[in-house]
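What follows is a short report on a single structure.
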Amino acid sequence: MSQRVRKKDDMNQRRRSYKRRRRRYALQVLWIIVSLVATAGLIIGYRLSTDRSKNNNSQIANAADYPADSDNNVSATLTPTIVAVVTPTQVVEPTIEATVTPIVTITPMVTPTTTIAPTLAPTSSPQEDNEEDKANSKKMIALTFDDGPYPPVTEKIVKTLAEYDAKATFFVVGDRVEQYKSTLELVYEGGNQIASHTYSHKDLTKLSIKEMEHEIQYANECINKIVPVGETYLRPPYGRKNDLMIENVGVPMIFWSLDTMDWSSRDADTIYKDIMDTVKDGDILIMHDLYPSTAKAMELAIPKLIEEGYQLVTVKELFEAKGIDIVDGKVYYNGR
Ligand code: ZN
């Protein structure tokens, strides 16, 4: 081999080894890059997997509250979990609103009480009282009750009268007063007038003068044994009268101008409506303290009559206030 050829071979060899070294170097760089990428990939992969496992744990914890979903996959549990957690919170709010609502609905229940206030207000307002007094100067009526005493009804009426500082007249039956002594006393103590409805509720037009006198006088005795009222006015039973009576009874006979027919309707609202529709100044109203409906009607009528400017007085007071002469044996229908 010539020197030249050897030199050429040498150069080729060196060039080849240089190329080999470069290739090896490039491979090494590539390897480093690949390893770096791989490491980075591993780290990211690891972190991702840790995060996911954390999420899984929390979702499982939530799912534990909803056992029905606990066996399903995560995404499946996630959705109901969020919905379920949010839903109760939303449900709580309406519950609170609902609790508030009844309080608001109570207000109308309070309103009637408030509506009573204005009703009472005019009565207690001095200015309006004066105006009312001028407009209805001495506008008054007499409530009268026959056939008692009968404790459950009479005492209720007496109580209602007292509540409104009103007075009435009770035409009692003589043969009942001993039995219901304390009731008669209550009537008397309330400042009401006690009068006679005879001793045994007989039709006086069918009696002899002697029998008639007995019915009137004995009733008076029985009443005065319990309460000191003296001579009493008379209301003849069944509203019947004749000349013999006029000549012989010896006391004023009190009839009426407004018949409530309470014994017939036995309905508080009907009685109340009849009174309010027809009442006028000077009226004498007839009722019977035997029926609970009458007592109930009085609870309605008494405050309303007062509100309308009526003074509720006894028959005696009505006659005195209206300047009516009270004559024995005379028949009176009203205080006009
Ligand atoms: Zn009667």
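Checking the condition surrounded by fewer than 20 Cβ atoms within 10 Å (Cβ to Cβ), touching a residue at least 12 places away in the same chain (Cβ under 8 Å) and within 16 Å of the ligand (Cβ to nearest atom), which residue from Tyr238, Tyr291, Tyr233 passes? Testing whether each residue is surrounded by fewer than 20 Cβ atoms within 10 Å (Cβ to Cβ), touching a residue at least 12 places away in the same chain (Cβ under 8 Å) and within 16 Å of the ligand (Cβ to nearest atom) leaves just Tyr238. Any idea which residue in the stretch 312-334 is surrounded by the fewest Cβ atoms within 10 Å (Cβ to Cβ), counting only those that are among the charged types (D, E, K, R) and within 47 Å of the chain's Cα centre (by Cα)? Result: Glu320. The residues on offer are Lys330, Lys316, and the sole one that is touching a Pro at 6+ places or on another chain (Cβ under 8 Å), closer than 22 Å to Leu234 by Cα and either in contact (Cβ under 8 Å) with a residue 60 or more places away in the chain or not charged (D, E, K, R) (or both) is Lys330. A single member of Ile271, Ile254 is crowded, with 16+ Cβ neighbours inside 10 Å and either within 16 Å of the ligand (Cβ to nearest atom) or charged (D, E, K, R) (or both), and it is Ile254.
Would you mind stating whether Ile284 is away from the ligand (no atom under 16 Å from the Cβ) and either modelled with pLDDT under 95 or buried (at least 20 other Cβ atoms within 10 Å of the Cβ) (or both)? Criteria not met by Ile284.
Selection of the stretch 158-179 for residues being surrounded by 15 or more Cβ atoms within 10 Å (Cβ to Cβ) and within 16 Å of the ligand (Cβ to nearest atom) yields Ala168, Thr169, Phe170, Phe171, Val172, Val173, Gly174, Arg176, Val177. Output yes when any residue across the stretch 190-203 is within 16 Å of the ligand (Cβ to nearest atom) and of a type in the set (A, V, I, L, M), and no when none is. Yes, there is a match, as at least one residue in the stretch 190-203 is within 16 Å of the ligand (Cβ to nearest atom) and of a type in the set (A, V, I, L, M).
The values are calculated or read from the model by the stated rules, or taken from the named source; none is laboratory data. Keep in mind the model is a prediction, meaning the values are calculated, not measured. Every residue, glycine as well, gets a Cβ built from its backbone with ideal geometry; the counts of neighbours run over all protein chains shown.
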